[in-house]
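The values are calculated or read from the model by the stated rules, or taken from the named source; none is laboratory data. Since this is a predicted model, take the numbers as computed values, not measurements. Cβ: placed from backbone, ideal geometry, glycine included. Neighbour counts: every protein chain shown. Note: areas computed on protein heavy atoms with side chains; ligands, DNA, RNA excluded. Shrake-Rupley method; radii C 1.70, N 1.55, O 1.52, S 1.80 Å.
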Amino acid sequence: QVQLVESGGGLVQPGGSLSVSCAANRRIIGTVGWYRQAPGKQREVVAVIRRGDITNYTESVKGRFTISRDNAKNTVNLQMNSLKPEDTAVYYCYAYSDITSKEYWGQGTQVTVSS
């Protein structure tokens, strides 16, 4: 069973930077990434890394967020710059295993952008 544990997040002022990290208890062969869910809204994809280190970002974060993975440490990180109040949400780590064909989710970490 894959377990994902997020860390980071917190409160930051608009225009600031923050990073969130996710550690898996085993190597993920497949897609890893981040989703977020704001109050009253559906969960949406933020950024993912597919096999071959192909990255995809939702339009609203392009140029501001950077996703990276460290396969040796089984971690995936999301560096968030130029944060906006609309980035406020619970951020969830996500993994899809090409081996098991299953999805896995972290417990979520709160990111609040406010002055």
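Do you know which residues across region 1-33 are under 12 Å from the mean Cα position of the chain (by Cα) and farther than 24 Å from SER115 by Cβ? Residues satisfying the conditions are LEU4, VAL5, GLU6, SER7, SER21, CYS22, ALA23, THR31, VAL32, GLY33. Among the residues of region 14-29, none qualifies, meaning not one is of a type in the set (D, E, K, R) and in contact (Cβ under 8 Å) with a residue 60 or more places away in the chain.
Which one is modelled with the highest pLDDT among residues in region 19-28 that are in a loop (DSSP other than H, G, I, E, B) and open to solvent by 20 Å² or more (accessible area, probe 1.4 Å)?
Of the residues in region 19-28, the ones in a loop (DSSP other than H, G, I, E, B) are 25-28.
Retained after the next criterion (residues that are open to solvent by 20 Å² or more (accessible area, probe 1.4 Å)): 25-27.
Numbers: ASN25: 96, ARG26: 93, ARG27: 92.
Per the stated criteria, the residue is ASN25.
For TYR92, indicate whether it is under 14 Å from ILE29 (Cβ atoms) and not β-branched (Val, Ile, Thr). No; evaluated as a whole, the condition is false for this residue.
Report those strands (runs of 3 or more DSSP E) wholly inside region 56-115 carrying at least 3 residues which are within 18 Å of GLN42 (Cβ to Cβ) and out of contact with any Cys (no Cβ under 6 Å at 6 or more places or on another chain). Walk me through how you get there before you give the answer.
Working: elements: 65-70, 75-80, 89-97, 102-105, 109-113.
Per the criteria, 89-97.
When the criteria are applied in full, ASN71 meets the requirement of being over 21 Å from GLY10 (Cα atoms), at pLDDT below 95 and open to solvent by 60 Å² or more (accessible area, probe 1.4 Å).
Got at least one residue in region 41-59 being of a type in the set (A, V, I, L, M), surrounded by 18 or more Cβ atoms within 10 Å (Cβ to Cβ), under 27 Å from SER115 (Cβ atoms) and at pLDDT 95 or above? Break it down stepwise before answering.
Taking region 41-59 as the starting set, the residues that turn out to be of a type in the set (A, V, I, L, M) are 45-49, 54.
Checking the rest, the ones that are also surrounded by 18 or more Cβ atoms within 10 Å (Cβ to Cβ) come to 46-49.
Next, only the ones that are under 27 Å from SER115 (Cβ atoms) stay: 46-47.
Pick out the ones that are also at pLDDT 95 or above and you get 46-47.
Within region 41-59 (the criterion being of a type in the set (A, V, I, L, M), surrounded by 18 or more Cβ atoms within 10 Å (Cβ to Cβ), under 27 Å from SER115 (Cβ atoms) and at pLDDT 95 or above), the answer is yes, since at least one residue qualifies.
Determine whether TRP105 is within 19 Å of ALA23 (Cα to Cα), within 11 Å of the chain's Cα centre (by Cα), open to solvent by 90 Å² or more (accessible area, probe 1.4 Å) and in contact (Cβ under 8 Å) with a residue 40 or more places away in the chain. Steps first, please.
Details: within 19 Å of ALA23 (Cα to Cα): yes; within 11 Å of the chain's Cα centre (by Cα): yes; open to solvent by 90 Å² or more (accessible area, probe 1.4 Å): yes; in contact (Cβ under 8 Å) with a residue 40 or more places away in the chain: yes.
Yes; evaluated as a whole, the condition is true for this residue.
Taken over region 34-65, the criterion of being within 18 Å of VAL111 (Cβ to Cβ), of a type in the set (Lys, Arg) and touching a strand residue (DSSP E or B) at 6+ places or on another chain (Cβ under 6 Å) is satisfied by ARG36, ARG43.
Looking at THR100, THR31, THR109, THR88, just one residue is out of contact with any strand residue (DSSP E or B) (no Cβ under 6 Å at 6 or more places or on another chain) and either β-branched (Val, Ile, Thr) or modelled with pLDDT of 95 or more (or both), and that residue is THR100.
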